[in-house]
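Enquirer: Quick one: the structure is below, and I'll ask about it shortly.
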Protein chains: 2
Amino acid sequence: MPLTPSCPIPLSDYPTVQLAHGGGGKLMQQLIGKMFRSVFGNELLDAEHDGAVFPMDSARMAFTTDSYVVHPLIFPGGDIGSLAVNGTVNDLAMCGARPLYLSCGFILEEGLPMETLWQIVQSMGAAAEQAGVKIVTGDTKVVDKGKGDGLFINTAGVGRVDHDLDISPASVVPGDVILLNGDLGRHGTAIMASREGLEFETSIESDCAPLHEPVHAMLEAGLPLHCLRDLTRGGLTSALVEIAETAAVHIHVDKNDVPVREEVRGACELLGLDPFYVANEGRMIAVVAETDADQALECMRKTQPDARRIGAVSKDPAGRVTVSSEIGATRILDMLSGEQLPRIC
Amino acid sequence: MPLTPSCPIPLSDYPTVQLAHGGGGKLMQQLIGKMFRSVFGNELLDAEHDGAVFPMDSARMAFTTDSYVVHPLIFPGGDIGSLAVNGTVNDLAMCGARPLYLSCGFILEEGLPMETLWQIVQSMGAAAEQAGVKIVTGDTKVVDKGKGDGLFINTAGVGRVDHDLDISPASVVPGDVILLNGDLGRHGTAIMASREGLEFETSIESDCAPLHEPVHAMLEAGLPLHCLRDLTRGGLTSALVEIAETAAVHIHVDKNDVPVREEVRGACELLGLDPFYVANEGRMIAVVAETDADQALECMRKTQPDARRIGAVSKDPAGRVTVSSEIGATRILDMLSGEQLPRIC
């Protein structure tokens, strides 16, 4: 008789961890849902948000974490340091929180050039200043050469929630609209292009940026936001599918309304990628009631000039995301099972 | 003219990161002090505590992080999962905080056996339950085979501070006494022995355990604690040197009062280690006024039967730690410059 319950991931299917288990698709969902949540499960974790929101005396707080393993460490438009700050700032913002404090855990590989570390540390400092957060606690570990990959960074973040809204996929209802803050696909294609050594006529830079400002603008205007999601691993599609499944609603997006830069479209064709699935690091969707859409867009456009409406929420078919193409045909969007772009963040 | 200031670690001394930069000694202090703090510096980070303590409306909160890279993943007396929970619980406890919520960031290496991950996840769940904390938010990344080492875990923790004490090295004053909760050196020697494949007559198990209970017992008794420190990387000596230097006091310890099990002493001799420098994962010191020492020991002994007084704080020579040996001779204890035991936690 085994002392512990048997592994909830069928070992016949996956005896070992695959790259796809970190890809933001179905396999990662399975690992988190069946294994991690079965052991750690509690009402905060089960909320499946970008972070946990809980009361602390009279305040409400948000708490989130992300590890960053992006390869290469430095890429057009950013580096692992700015990514590690902006990514966690954005997870707090997506909880509707004001980002306040970050922790920083470095896992350094023996032999990492000290100059590289210095460049990344300065980049983190600049990103923290831009986002108005303080790095208040940290940890440094070094692993032997060949047991890491230069540098991994974990940041956790604490923020303050100054409203009583329940900003989550479950709050999305038919009649809502989907707002997007800008063009898709730059982060993922910039990383892939630099990894493959590709040069495009116009160089593509990551969209890595903090997203606390558009969120605060909407909250300060008193808008009852239903859901916020940044479009990282799995891209726009994964965010929409997760919302449609959780809220049991239908989401329809018009492809003509979703901006993708010409050079990104070209790079995606060359690399065999779909911009709807590519990771972004400065892109988000906000889901609000139709009646609040214009005011929400006005708030977002103060810092996100390209913000626009890209889709709408209806009742049926529940749990499904559809997209109408350039030529008017409609197809179903599903989450990828695996890994489109390993180590993109 | 360089766009950024030059690297504050002299590249002629250290052009690349060394294992010793993560060893808890002088080199790590230099990296953190000269590089990280020069960029991230703020009053919370500069406090150099195990975690940051800050107000949140009417409450005071503590926030901390640690990454865990211990090798091997599973060792006598624990594994990387229980370590990742207890280590962060203990950092919160050392801030005088009640540990509440943890985040968990996994960096998995492609090919990690799913059964190993499952065992470690269950161990984390059990440790969290024992310590009364909830894992409320998480992140999973997978790196390609050969770019990690099975599994790294980062946990960050949030706790609540229910008192107005300033528990920190700076609060230590002449006339204080040093209390220790048990025998030294088990975690480090257990790891090293299992790594070297050594078998001792009595097997040595890690002391990995949560330390929130002795801290709460002392706080609930209303004792004005001056300083708390868990004895991880760098062991008892590093903790004492840090306190002596920060508070500009002299700390004297009597070696006869510091318990080290016979099998640990033997293993240390065989491995060339000094138990005063070896990492522990369930050991702490509390620094209190002489007049509070007996009551503090009484509180600690509710869960730590071996707690005892091991030393005293005086004025001169300021910044120095001394130890009297078994035969009565006195010598100076200094921090190691480098790495006694790489990847011990």
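Enquirer: So in segment B:52-161, what percent of DSSP beta bridges are antiparallel if you round to the nearest 5?
Expert: Details: 27 of 36 bridges.
Among the beta bridges of segment B:52-161, antiparallel pairing accounts for roughly 75 percent.
Enquirer: With contacts defined as alpha carbon pairs under 8 Å and 6 or more residues apart, what's the relative contact order of segment B:52-161 in percent? Could you put the intermediate results ahead of the total?
Expert: On the way: 220 pairs, mean separation 48.5, N = 110.
44 percent.
Enquirer: Could you do me a favour and compute the accessible area per residue for segment B:52-161, 1.4 Å probe, result in Å²?
Expert: Working: 2530 Å² over 110 residues.
Averaged over the residues of segment B:52-161, the accessible area is 23 Å².
Enquirer: Based on the alpha-carbon gyration tensor of segment A:1-107 and its eigenvalue square roots a ≥ b ≥ c, which shape applies: rounded if a/c is under 1.5, prolate if not and a/b is larger than b/c, or oblate?
Expert: Details: a/c = 2.59, a/b = 1.27, b/c = 2.04.
Oblate shape, in that a/c is at least 1.5 and b/c is the bigger or equal ratio.
Enquirer: Using alpha-carbon pairs under 8 Å, 6+ residues apart, how would you state the relative contact order of chain B in percent?
Expert: Working: 760 pairs, mean separation 81.4, N = 345.
Relative contact order here is 24 percent.
Enquirer: If every alpha-carbon in segment B:39-85 counts as one equal scatterer, what log10 I(q)/I(0) does Debye give at q = 0.22 1/Å?
Expert: -0.81
Enquirer: For segment A:149-184 and segment B:215-279, what is the separation of their C-alpha centers, rounded to whole Å?
Expert: 44
Enquirer: 5 Å is the cut-off here: which amide hydrogens, built 1.01 Å from N in the peptide plane, fall below it relative to A:V69, excluding neighbours closer than 5 in sequence?
Expert: Excluding prolines and chain starts, which carry no amide H, the hits are A:C345.
Enquirer: Once label points are set 7 Å from the Cα along Cα→Cβ at both B:L165 and B:S337, what is their separation, rounded to one decimal in nm?
Expert: About 3.7 nm, to one decimal.
Enquirer: For the protein assembly as shown, what is one quarter of the convex hull surface built on the Cα atoms, given in nm²?
Expert: Values: hull surface 126.7 nm².
Its Cα hull, projected and averaged over all orientations, spans 31.7 nm².
Enquirer: In segment B:103-123, what residues drop by 40 Å² or more of accessible area when the other protein chains are put back, versus the chain on its own? Use 1.4 Å, and skip ligands and nucleic acids.
Expert: When all protein chains are present, B:I107, B:E110, B:M114, B:E115, B:W118, B:V121, B:Q122 each give up 40 Å² or more of accessible surface.
Enquirer: Something else now. First check a/c for segment A:214-327, with a ≥ b ≥ c the square roots of the eigenvalues of its C-alpha gyration tensor; if it is under 1.5, answer rounded, and if not, answer prolate when a/b is larger than b/c or oblate otherwise. Mind showing how you got there, number by number?
Expert: On the way: a/c = 1.84, a/b = 1.24, b/c = 1.48.
Judged from the Cα gyration tensor, segment A:214-327 comes out oblate (a/c at least 1.5, b/c at or above a/b).
Enquirer: Also, I was wondering about something else. Roughly how many Å is it from the Cα centre of segment A:3-30 to that of segment A:77-116, as a whole number?
Expert: Each part reduced to its Cα centre gives a spacing of 27 Å.
Enquirer: Using a simple spin-label model with points 7 Å from Cα along the Cα→Cβ vector, what separation in nm is obtained for B:E298 and A:I327?
Expert: Label-label distance for B:E298 and A:I327, simple model: 8.6 nm.
Enquirer: Nothing charged except the Cβ atoms of Lys and Arg (+1) and of Asp and Glu (-1): what's the magnitude of the dipole of segment B:169-333 about its Cα centre? Round to the nearest 20 debye.
Expert: For this selection, approximately 340 debye.
Enquirer: Given a 1.4 angstrom probe, I'd like the percentage of the accessible area of segment B:52-161 that is carbon and sulfur, rounded to a whole number.
Expert: On the way: 1230 of 2530 Å².
Whole-percent figure for carbon plus sulfur exposure: 49.
Enquirer: Let a ≥ b ≥ c be the square roots of the eigenvalues of the Cα gyration tensor of chain B; is it rounded (a/c under 1.5), or, if not, prolate (a/b larger than b/c) or oblate? If you can, show how the numbers build up before the last one.
Expert: Details: a/c = 1.23, a/b = 1.19, b/c = 1.03.
Since a/c stays below 1.5, the shape of chain B is classed as rounded.
Enquirer: Output the antiparallel fraction of DSSP beta bridges having both residues in segment A:207-345, as a percent to the nearest 5.
Expert: Once the DSSP bridges in segment A:207-345 are tallied, antiparallel ones form about 75 percent.
Enquirer: So what is the calculated 222 nm ellipticity per residue for the protein assembly as shown, using -39500 (n - 2.57) for each DSSP H run with n of 4 or more, over all residues, to the nearest 500 deg cm²/dmol?
Expert: Working: 20 runs with 196 residues, N = 690.
Dividing the helical sum by the residues of the protein assembly as shown leaves -8500 deg cm²/dmol.
Enquirer: Per residue, how much accessible surface does segment A:169-333 expose to a 1.4 Å probe? Answer in Å², no decimals. Could the numbers behind the result be given before it?
Expert: Working: 6440 Å² over 165 residues.
In whole numbers, segment A:169-333 has 39 Å² accessible per residue.
Enquirer: Of A:S203, A:S123, A:S103, which has the largest mean-square fluctuation in a 10 Å C-alpha GNM of chain A?
Expert: A:S203
Enquirer: Let me spell out the model: positive unit charges on the Cβ of Lys and Arg, negative unit charges on the Cβ of Asp and Glu, origin at the Cα centre of segment A:52-161. What dipole size does that give, in debye rounded to 20?
Expert: Details: 7 positive and 11 negative charges, 78 e Å.
My answer is approximately 380 debye.
Enquirer: Could you check how much of the accessible area of segment A:169-333 is carbon and sulfur, as a whole percent, using a 1.4 Å probe?
Expert: Values: 2950 of 6440 Å².
The computed percentage sits at 46.
Enquirer: Please give the solvent-accessible surface of B:M192 in Å², to the nearest 10, using a probe radius of 1.4 Å with every protein chain present.
Expert: That residue has around 30 Å² of solvent-accessible surface.
Enquirer: At the nearest 100 Å², what buried accessible area, both sides summed, do you get for A and B when the probe is 1.4 Å? Display every interim value, and only then the final one.
Expert: On the way: alone 16210 and 16240 Å², together 24970 Å².
Its buried surface, counting both partners, is about 7500 Å².
Enquirer: How about segment B:1-89: which chymotrypsin sites (Phe, Trp or Tyr not before Pro) there lie in a loop by DSSP and see at most 10 other Cβ atoms within 10 Å? Before the final figure, lay out each step's value.
Expert: On the way: sites: B:F36, B:F40, B:F63, B:Y68; in loops: none.
Counting only loop positions with at most 10 other Cβ atoms within 10 Å, none of the chymotrypsin sites (Phe, Trp or Tyr not before Pro) in segment B:1-89 qualifies.
Enquirer: Okay, next question. Might you work out the accessible area of B:S314 for me, using a 1.4 Å probe with all protein chains in place, and round it to the nearest 10 Å²?
Expert: Taking all protein chains as shown, B:S314 has close to 40 Å².
Enquirer: Right, next: Residues of segment B:6-22 with accessible area at least 30 Å² lower in the all-protein-chain context than alone (1.4 Å probe)?
Expert: Residues losing area: B:C7, B:L11, B:T16, B:V17, B:L19.
Enquirer: Scanning chain B for GluC sites (Glu not before Pro) in DSSP loops with at most 12 other Cβ atoms within 10 Å, what's the longest stretch left with none?
Expert: It works out to B:1-198.
Enquirer: Considering only DSSP beta bridges with both partners in chain A, what is the antiparallel share in %, to the nearest 5? Working shown, then result.
Expert: On the way: 47 of 60 bridges.
For chain A, the DSSP antiparallel bridge percentage is about 80.
Enquirer: Another question about this same structure. Rank B:T246, B:T65 by accessible area, highest first, at a 1.4 Å probe radius? Please report the intermediate quantities before stating the final value.
Expert: Values: B:T246 80, B:T65 0 Å².
I get B:T246, B:T65, largest accessible area first.
Enquirer: Now, a different point. In segment A:297-345, what residues drop by 50 Å² or more in accessible surface going from the chain by itself to the full protein assembly, probe 1.4 Å?
Expert: At a threshold of 50 Å² (probe 1.4 Å), the residues of segment A:297-345 that become less exposed are A:R343.
Enquirer: Follow-up question, since we're still on this one. In terms of solvent-accessible area of protein heavy atoms at a 1.4 angstrom probe, what is the ranking of A:I332, B:I327, B:I344, highest value first?
Expert: Values: A:I332 95, B:I327 160, B:I344 5 Å².
Descending accessible area places them as B:I327, A:I332, B:I344.
The values are calculated or read from the model by the stated rules, or taken from the named source; none is laboratory data. These figures come from a predicted structure and were not determined experimentally. Neighbour counts are summed over all protein chains in view; Cβ atoms, including those assigned to glycine, are modelled from backbone coordinates with ideal geometry. Calculation scope for accessible area: heavy atoms of the full protein, side chains included, ligands and nucleic acids excluded. Shrake-Rupley method; radii C 1.70, N 1.55, O 1.52, S 1.80 Å.
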